[in-house]
Protein chains: 2
Amino acid sequence: MSDTQKLTAILKAASDPIRRELLTLLVQHGPTRVTDLARHFDVSLNAVSKHIKILEAAGLVRRRTEWREHLIEADMDPVRQIDRWFQDLRSVWDRRLDVLDDVLKRETEDE
Amino acid sequence: MSDTQKLTAILKAASDPIRRELLTLLVQHGPTRVTDLARHFDVSLNAVSKHIKILEAAGLVRRRTEWREHLIEADMDPVRQIDRWFQDLRSVWDRRLDVLDDVLKRETEDE
DNA sequence: AATTTAATCAACCAAATGGTTGACTAAAGT
DNA sequence: ACTTTAGTCAACCATTTGGTTGATTAAATT
């Protein structure tokens with residue numbers, strides 16, 4: 001999977017309120033069973049199970065299966081990739097503002 | 001619109017590769033016309049126009065309309081909101097790791 | 001005067017998304 | 001032995017998404 005695809009998967013996974021809440025619960029309480037996670041939402045267990053699979057596919061969450069109990073835990077590593085993308089974007093943006101500053105300064109000096 | 005809804009809109013907007021590429025083009029080249037943006041993609045002008053409206057609704061882009069020419073420019077402010085959410089998440093995560101460290105240290109001391 | 005250009009709007013379409021219920025497997029509790 | 005518990009899988013459904021084409025408005029070019 002390309003970096004672009006990975007980033008797309010991460011951002012899409014993070015763009016759903018329930019999935020963000022799941023991540024918050026996981027970083028707060030550590031590894032948690034699917035059923036215990038589902039308790040916090042008013043959708044079915046099945047729906048939560050699906051959300052978790054999406055988070056898992058994006059790498060935001062890992063699963064430790066002990067027989068019928070699945071312990072889910074957050075993985076913050078992919079978040080760094082998001083950070084990097086937005087930081088890059090902003091740094092290009094800032095550089096452009098600097099260039100604009102230079103242009104304006106030079107124009108002022110020319111007067 | 002609630003903060004959660006805003007964040008959802010921003011992340012959803014950023015989760016599409018074409019829209020991310022549009023943002024990159026805009027921070028690199030500054031305000032650009034819709035047609036000139038569309039040139040970079042192999043989808044129709046209409047499709048690009050729709051993408052821009054989604055970015056606009058999320059506040060990631062602003063529009064200056066001069067008669068029939070629409071100048072689109074990036075707005076980096078909402079990006080800060082994304083950053084903040086992920087940073088918060090990670091800081092909670094890091095704090096939990098610290099607590100875990102403490103627990104382990106105390107257990108070691110008890111031996 | 002005729003045509004090209006810039007962009008949106010509207011209608012339509014296929015695929016993806018987020019939800020549901022019901023069936024299933026196998027462990028654990030009574 | 002029976003029932004509850006944990007979780008997934010499969011099928012289904014409504015809505016959203018991302019794309020298309022065609023029509024429209026009014027400016028700019030020839």
* To do: Take the residues in the range A:1-44 that are closer than 15 Å to A:Ala58 by Cα and among the acidic types (Asp, Glu), then tell me which one is modelled with the lowest pLDDT.
  => A:Asp3
* Of the residues that sit in the range B:51-65 and are open to solvent by 30 Å² or more (accessible area, probe 1.4 Å) and over 14 Å from B:Ser15 (Cα atoms), which one is farthest from the chain's Cα centre (by Cα)? -> B:Thr65
* Asked: If a residue has to be farther than 23 Å from B:Asp98 by Cβ and either facing chain B (nearest Cβ under 10 Å) or of a type in the set (A, V, I, L, M, F, W, C) (or both) to count, how many in the range A:22-38 make the cut?
  -> 3
* Test each condition in (1) within 15 Å of A:Val79 (Cβ to Cβ); (2) more than 8 Å from chain A (Cβ to nearest Cβ) for B:Trp93 and report the one that comes out false. => (2)
* Asked: Within the set of pairs 6 or more residues apart or between chains, which connect a residue that is within 12 Å of DNA strand C (Cβ to nearest atom) and in a helix (DSSP H, G or I) inside the range B:26-46 to a residue that is of a type outside the set (A, V, I, L, M, F, W, C) and at pLDDT below 95 with Cβ atoms less than 8 Å apart?
  -> B:Val34/B:His70
* Within the range B:1-8, is even one residue open to solvent by less than 30 Å² (accessible area, probe 1.4 Å) and either more than 10 Å from DNA strand D (Cβ to nearest atom) or on the phi > 0 side of the Ramachandran plot (or both)? -> yes
* Could you tell me which of the residues B:Asp16, B:Asp75, B:Asp36 is more than 24 Å from A:Leu25 (Cα to Cα) and in contact with a Lys or Arg (Cβ under 8 Å, 6 or more places away or on another chain)? => B:Asp75
* Residue ID - nearest to the other protein chains (Cβ to nearest Cβ), chosen from residues in the range B:42-66 that are more than 8 Å from DNA strand D (Cβ to nearest atom) and over 28 Å from B:Asp83 (Cα atoms) -> B:Glu66
* Would you check if there is a residue in the range B:83-99 being surrounded by 14 or more Cβ atoms within 10 Å (Cβ to Cβ), of a type in the set (Val, Ile, Thr) and modelled with pLDDT of 95 or more? => no
* Of the conditions (1) under 16 Å from B:Asp16 (Cα atoms); (2) within 7 Å of chain B (Cβ to nearest Cβ), A:Met1 fails just one. Which one is it? -> (2)
* Looking at the range A:54-85, which of its residues are of a type in the set (S, T, N, Q) and assigned to a helix (DSSP H, G or I)? -> A:Gln81
* To do: Taking the options A:Ala13, A:Ala9, name whichever one is touching a Leu at 6+ places or on another chain (Cβ under 7 Å), among the small types (Gly, Ala, Ser) and either within 14 Å of chain B (Cβ to nearest Cβ) or in a helix (DSSP H, G or I) (or both).
  => A:Ala13
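The values are calculated or read from the model by the stated rules, or taken from the named source; none is laboratory data. Remember, predicted model here, so these are calculated numbers, not experimental data. Virtual Cβ from ideal backbone geometry, glycine too; neighbours counted across all protein chains shown. The protein model used for the area step is the full one, side chains on, heavy atoms only, and it has no ligands, DNA or RNA in it. Shrake-Rupley method; radii C 1.70, N 1.55, O 1.52, S 1.80 Å.
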